[in-house]
Every structure is written in structure tokens, then in C-alpha cells.
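Notes for the one structure printed next.
The values are calculated or read from the model by the stated rules, or taken from the named source; none is laboratory data. Since the model is a prediction, treat every value here as computed from it, not as a measurement. Reconstructed Cβ throughout: ideal geometry from the backbone, glycine too, with neighbour counts over all protein chains shown.
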Amino acid sequence: MDDKFVIAEKYAEALFEYSKEHSLIEDIKAGLDLIKAITDLNSGFLYWLSVPVIPESERKALIQEVVDRFSLNPAIAWFLFILLEKKRIRFFEEIYSKFLVLYNTYHHRIDVELITARPLSDSERQLFLHIWGSYLGRWIELKESIDENIIGGIKVYYKGWLYDGSIAKRLELLREELTR
Amino acid sequence: MTIKINPEEISSVIKSRLESFSQTYDLAQVGRVLEVGDGIARIYGLEDAMSGELVYFPKQDIYGMVLNLEEESVGVCLFGDDSDVLEGDEVRCTGRIAEVPVGDGLIGRVVNPLGMPIDGKGEVKSDRFRPIERIAPGVIERQPVKEPLQTGIKAIDAMIPIGRGQRELIIGDRQTGKTAIAIDAIINQKGKGVVCVYVAIGQKNSTIANIVKTLERFGAMDYTIVVAAGASEPAPLLYIAPYAGCAMAEEFLETGRHALIIYDDLTKHAQAYREMSLLLRRPPGREAYPGDIFYAHSRLLERACKYSDAKGGGSLTALPIIETQAGDVTTYIPTNVISITDGQIYLETNLFYQGIRPAINVGLSVSRVGGNAQVKAMKQVAGRLRLDLAQYREMEAFAQFGTELDKATIAQLERGRRLVEILKQGQYKPMSLAEEVMVLYVGVNGYLDDIPMERIKEFEEAWLSALKTDYKQILDEIEAKKEISEDLDAQIRKAVEEFKSGFLK
């Protein structure tokens, strides 16, 4: 399904515009975070919401219950109702990630994935955030992961780009250089 | 033999390499595979990808080409096996448009559409590359076709002459000798300074192997490049094959030399492109071909040209081949390509089985620009030939009713039959210009009229061998002056009469 990203973007944009106009950005973000946490914990949640066998009223009631119990912004419930009616609830994850992109751009933040061979110390992390923050001109939302195969150095993913400064890559480049 | 290695030398080389090794990181745009199947992958990311850009799949070590740029994804065709590509795999932009190695190092080689050798003769020696797609030369850079490209086939060189820089379509049903004409044309370029590129698209690998073997047998591989995309290759490779072959041929055009390229055949190319387009979900049009199938062929064939003298005067002649079904030239692809090219050689099954080989339908075949390039000697004999054959065809229709015919008509029919007979030619037997002219000369001047039909072939062969031995000066003069002067005409008449009296004895 190639068009799911296109669909997700439309919904995410609408929701974000709405929350910006009503100054609800943080509330809506918190609400979406929570729904995302629920779906991560319980993989059946989204499925249950999207099966047509269960009456729509029951599914809506469940959403209402969740929103009420965690006292989320009512706009979250309305948004999920729209997704239910339009049968787009299965794209929730894509919509969420698109919303995050908009949210991060709004706050001058950027998602960066950092891959290292070993866990970073606090000072190293601060140094990375400082250097890359000024390089990218944004606040960095850092996600770290460990991959021993890169031997050393760092690999950084951001916005569709890969910066590869790992020892493994350097060795590969060196091999290419020597066998040329 | 042992190779002596100077350790110092090696380490100094490595050291200098290491010193020049300044790149300490690698920055690339990466995307992820969303879905893959049937040689087509959809990639998420790659926001800066260009249309036609090469992308690299590091895990599988294969390349692809960006074809569709969509709102959230790019459609990529894969130049390799797609069965190892998985959802979520990394894909990198290379920043390069698809290109192939070009140059003299490719001559004599059999390569795939990416320029990689498939003939087991080791690496292709080439350090120059050309993008497979380019905009065809404009009006200013061209000049009209003016030099002939001799195919060595009497019927073609006389009546459907091809000039250097022309695009002449070879069209006909299966098994009518389309490829044979192309191969003969290649064989005839020996020693004429024309580099040939044979692009096999979607053919059986055994057929391709046969063609290469034939070319080798006649020493034609010394000036020929074979670009092979067999039937077992995925559609994207078939699709780029003619463009890649054209890029290789353009290298010779650009360096002021002459090249001949054969696309065998564009029907399969269109089918491969249709397959790709449908998989890329482009809207289908007539016969399910995509809307830009005309452009796919026109931009390819427009690249054939004769450069102006300021640009070096090189030429690129294209002989595309189209296969028809049951002789129907009114289907989509044949009409398209007919309208793009500067004429067509139309081959017919009926003629083929009547023993008229090459099975050229002279009435339907035309060459729109080649006449300007025809040498004078050929014009002198061919002008009458066309006329005589046209009259013969007209009379033939009447003669079939069995009506009583007057003497003049019978004479015309007899002349026509002999001309048809003399235009027959065996495969792999291309003739030189002078030989062609001399054979046609005896035909159009009525010297065959009193030779029995069954002895025409024998007469032709004997006449040719007599020319080569007893009247060599005639052949030499035609080759040198390329025209039949009054003086030479008298010489030829004398020679024919002499020979004929000997032959009929």
C-alpha cells in the first residue's frame, strides 16, 4: 500500500493545524503519545478498532472510555471517531509518525538515530548533541542503538540521510581504494 | 613464470594510496524498501532522488533505476534478481544517472545492457562512461544524409538505399529474414570503417550465441559490439538495452567516426516497457502500452544522425527491427515506428516461401532519404529497375487471368521475372558495390532476356567470376569513380556480349 503515507500525511496535517489554531499542540501530542503507548502494549487494540464485525457504536464507546479514563483532550476522541468513520484507523501509526515530524519541525527539533558500537557515556552524548545540534541547526531528538558490527565510530541517520563515520565503513572505503 | 615483486615498490604505492585516502566518512541519502515484486521496488525516502538516477541496494549488491517520483515514494526498476530484496532493506542514492562504459575497448565484446561482459573474455577495458539517455542532437548540429551505407544486398542497395545517419525500419513477420538482413549489413561493413552495434532485446540466448558465432566466422566481431539482453533477463534490462547500445554507438559518432546500430527487436522492447509500466501502475493506453511508448521509441531513434562537418561529420545509422503478426502493419507499435523512421524494408512470408529471398516487398518498401546518398553508378542502373519491376507487378495481375497477351506485354513479364530472379541473394553473401551494379546492369539492359529462367542464377555466378578474373578493370573503375561513364558503358557492353556468347555455347 504505497498511498498510506499520503493518506497519513493529510490526516496528520489536519490534526496539527487544528491543534495549532486552538493552542492544543502539547495536549494533543500527549494524547497521541498515550494512544500510541496503548497500541504498542496491546497489539490487538487497533485491530479491534478496525474490525467491521464489531458495531461502530461499541468501538466508539471504547475510545470514549479511554479518553475519559486518562482525561485526554476531547479532540483526541473526535479525531479517532473520524478515523473510525473513514475506515482509516489502521493507519494510526503512520499518522502518528507524520504528526511527530510536524511537531518536531514546529519546535525546531529533528529526529536523529545514532548507532554506536558501545553505549555512550554522558559526556560523549552531550558532546554529540552539541556538535550535531549546531551542525543541523535544530534541537535533537536522539534515539540511540548499539551495533557491534560497526567496530567503532558513529553512524547517524537523520531525515533520510545516513552519515557513516564508522570504522567498518572506513575499512571498506580503504579496501576499495587499495584494490582500485 | 614467476613474477618478481619489488616489496619496496608495492609498499610505497600503498603508502601513497593511504596518504591520498582522506575521506573518513560517507554521507548518502538512504531510503527503505516498502514493497518489491516483479523487478519493481517502491522505496520510501530518497527525497532528493532524480528521475533516471541509479540507486544501490548494498545488501544485495544490485542497482536499480528511479522511474517514478511520487509524493511519498519512488518507483525503482531493479537491474538484477529481486528475490533477495526484502521490505525495509536499505537503498542508497548514487547521484549518478544510469550510464555504461563506452569506447574502443568494447569492440569485439558481448556485454549486457549495463556494459558488463558476458562473453567470458575478462574485464571490459574502458575508462569512459556515457549516460544511457541523452537528448538527440539538434537541427544545427546535423546535415542531410549524403554518404551511402552499403548493405551488400542488391535489392536494398538498388531500390531502398540506406544512407549513413538514416533510420531504416526492417519490418515483417517472424521467420522472414529480418535478422538475416541486419547481419548481412554488419558483415558487409568489413573494412569500411563502420563500427557496428547489435542490440539483442528479448531474444533466446541460443539465438544470440548463434549470431555472435556467425559474426565471428565472418570476421565481423573485429568491429562489432553485441549488447545482449536475453529473454531470461528482467524487463528493466530489456528496456534499457537499446538506450545503452545507442550510448556505446554515440561514442563513435562523437569522435567523427561512423556507426551502425541494429535494434533487434523493438517489439519486444515495447513489450518489456509495457510490463514495467503496468507494474509501476502507470495508466495503460492502446493495447495496454503506456502513453509514452511513442516517446520511448522516438527519442531513441532520433539519436541516429549525420553530424555536420563542424561536429566532425560522424554518423549513426539505425536499423530498428519490428516483428508483425500475420503481416499486419496497422497495429500500434509498427505504425509508431514506421512514422518515426526514414523508410522501411517490408518483408513478406509469401515471398519468402516462393523462394524470393531476401523476401522484400519492393512495392511497400521505401527509403525516404537514402536516394540522396546513392552513388551515381547505382542510380544509373536502379532507376530502370524500379520502373521495370513496377510494370511487371501490374502486368502480373492481368497475366494470372490467362488472357491472351501481346508480344510487348510478354516481353515485359519475362523481363520482370528475370529481374526478380536476379534480385535473389543468398544469406551471408553480401556483394561489393561494383558487383551489385554489374549484376543489375545485365538485368535492366536486357542481356538476360534470352537466358532461360533456370540458368539465371548460374549466369549471375559465372558473370561475377568472369568479372573478377577477366574484366577486373571494370570493377575497379566503378569502385573508384562510382559512375558509369559513356566510355565505361561501351566497355561493359563489349564484355557482357563476349561473356554471353561464351556462356550460351
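Being more than 14 Å from chain B (Cβ to nearest Cβ) and in contact with a strand residue (DSSP E or B) (Cβ under 8 Å, 6 or more places away or on another chain) narrows it down to one residue among A:125, A:90; which is it? Please lay out each step first, then the result.
Working: A:90 fails: in contact with a strand residue (DSSP E or B) (Cβ under 8 Å, 6 or more places away or on another chain).
One residue alone meets the criteria, A:125.
In region A:1-32, which residues are within 14 Å of chain B (Cβ to nearest Cβ) and either among the hydrophobic types (A, V, I, L, M, F, W, C) or part of a helix (DSSP H, G or I) (or both)?
So in region A:1-32, the residues within 14 Å of chain B (Cβ to nearest Cβ) come out as A:1-13.
Across region A:1-32, the qualifying residues are A:1, A:4, A:5, A:6, A:7, A:8, A:9, A:10, A:11, A:12, A:13.
I need the full set of residues from region B:294-322 which are buried (at least 24 other Cβ atoms within 10 Å of the Cβ) and among the hydroxyl-bearing types (Ser, Thr, Tyr), in order please.
Passing the criteria: B:315, B:317.
Looking at residue A:118, is it more than 27 Å from residue A:30 (Cα to Cα) and either in a strand (DSSP E or B) or at pLDDT 90 or above (or both)?
On the way: more than 27 Å from residue A:30 (Cα to Cα): yes; either in a strand (DSSP E or B) or at pLDDT 90 or above (or both): yes.
Spelling it out, residue A:118 is indeed more than 27 Å from residue A:30 (Cα to Cα) and either in a strand (DSSP E or B) or at pLDDT 90 or above (or both).
Select, from A:102, A:80, A:72, the only residue that is assigned to a loop (DSSP other than H, G, I, E, B), away from chain B (no Cβ under 14 Å) and touching a residue at least 40 places away in the same chain (Cβ under 8 Å).
After ruling out the rest, the residue left standing is A:72.
Return yes or no: is residue B:75 touching a residue at least 12 places away in the same chain (Cβ under 8 Å), assigned to a strand (DSSP E or B) and on the phi > 0 side of the Ramachandran plot? Steps first, answer last, please.
On the way: touching a residue at least 12 places away in the same chain (Cβ under 8 Å): yes; assigned to a strand (DSSP E or B): yes; on the phi > 0 side of the Ramachandran plot: no.
Against the criterion (touching a residue at least 12 places away in the same chain (Cβ under 8 Å), assigned to a strand (DSSP E or B) and on the phi > 0 side of the Ramachandran plot), residue B:75 does not qualify.
Could you grab me the full set of residues in region A:125-150 that are in a helix (DSSP H, G or I) and surrounded by 13 or more Cβ atoms within 10 Å (Cβ to Cβ)?
Quick first cut of region A:125-150, residues in a helix (DSSP H, G or I) only: A:125-136, A:148-150.
A:125, A:128, A:129, A:132, A:133, A:136, A:150 - these are the residues of region A:125-150 that are in a helix (DSSP H, G or I) and surrounded by 13 or more Cβ atoms within 10 Å (Cβ to Cβ).
Residues of region B:442-481 being among the small types (Gly, Ala, Ser) and without any contact (Cβ under 8 Å) to a residue 12 or more places away in the chain, which ones? Walk me through it before giving the result.
To start, the set of residues in region B:442-481 that are among the small types (Gly, Ala, Ser) comprises B:443, B:446, B:462, B:465-466, B:480.
Once the filter is applied, which keeps residues that are among the small types (Gly, Ala, Ser) and without any contact (Cβ under 8 Å) to a residue 12 or more places away in the chain, region B:442-481 yields B:465, B:480.
From the residues in region B:81-102 that are among the acidic types (Asp, Glu) and part of a strand (DSSP E or B), which one is nearest to the other protein chains (Cβ to nearest Cβ)?
We begin by selecting, within region B:81-102, every residue among the acidic types (Asp, Glu); these are B:81-82, B:84, B:87, B:89-90, B:99.
This time we only want the ones that are part of a strand (DSSP E or B), so: B:90, B:99.
Details: B:90: 8, B:99: 18 Å.
Going through the qualifying residues, I end up with B:90.
Condition first: in contact with a helix residue (DSSP H, G or I) (Cβ under 8 Å, 6 or more places away or on another chain), closer than 29 Å to residue A:11 by Cα and of a type in the set (Gly, Ala, Ser). Can you find one or more residues in region A:93-115 that meet it?
yes
Quickly run through region B:139-169 and pick out the residues that are of a type in the set (D, E, K, R) and more than 18 Å from residue B:187 (Cα to Cα).
First, pick out the residues of region B:139-169 that are of a type in the set (D, E, K, R): B:141-142, B:146-147, B:154, B:157, B:164, B:167-168.
Within region B:139-169, B:141, B:142, B:146, B:147, B:167 qualify.
Return the residues of region B:42-58 that are aliphatic (A, V, I, L, M) and either away from chain A (no Cβ under 11 Å) or part of a loop (DSSP other than H, G, I, E, B) (or both); say none if nothing qualifies.
Narrowing region B:42-58 to residues aliphatic (A, V, I, L, M): B:43, B:46, B:49-50, B:54-55.
The answer is B:46, B:49, B:50, B:54, B:55.
Select from region A:156-172 the residues that are among the charged types (D, E, K, R) and more than 16 Å from the chain's Cα centre (by Cα) and write down the one among them that is farthest from the other protein chains (Cβ to nearest Cβ). Write out each step before concluding.
Here is the first cut: in region A:156-172, the ones among the charged types (D, E, K, R) are A:159, A:164, A:169-170, A:172.
Remaining after also requiring more than 16 Å from the chain's Cα centre (by Cα): A:164, A:169-170, A:172.
Details: A:164: 4, A:169: 5, A:170: 6, A:172: 9 Å.
Across region A:156-172, the extreme among qualifying residues is A:172.
Among the residues of region B:59-78, how many are over 30 Å from residue A:178 (Cα atoms), surrounded by fewer than 21 Cβ atoms within 10 Å (Cβ to Cβ) and more than 9 Å from chain A (Cβ to nearest Cβ)?
So the answer is 3.
Do we have any residue at all in region A:33-53 that's surrounded by 14 or more Cβ atoms within 10 Å (Cβ to Cβ), polar (S, T, N, Q) and within 18 Å of residue A:90 (Cα to Cα)?
yes
Scanning for something part of a loop (DSSP other than H, G, I, E, B) and either surrounded by fewer than 19 Cβ atoms within 10 Å (Cβ to Cβ) or more than 9 Å from every other protein chain (Cβ to nearest Cβ) (or both), does region B:27-34 turn up at least one residue?
From region B:27-34, those part of a loop (DSSP other than H, G, I, E, B) are none; that's our starting set.
Looking for residues that are part of a loop (DSSP other than H, G, I, E, B) and either surrounded by fewer than 19 Cβ atoms within 10 Å (Cβ to Cβ) or more than 9 Å from every other protein chain (Cβ to nearest Cβ) (or both), one finds none in region B:27-34, hence no.
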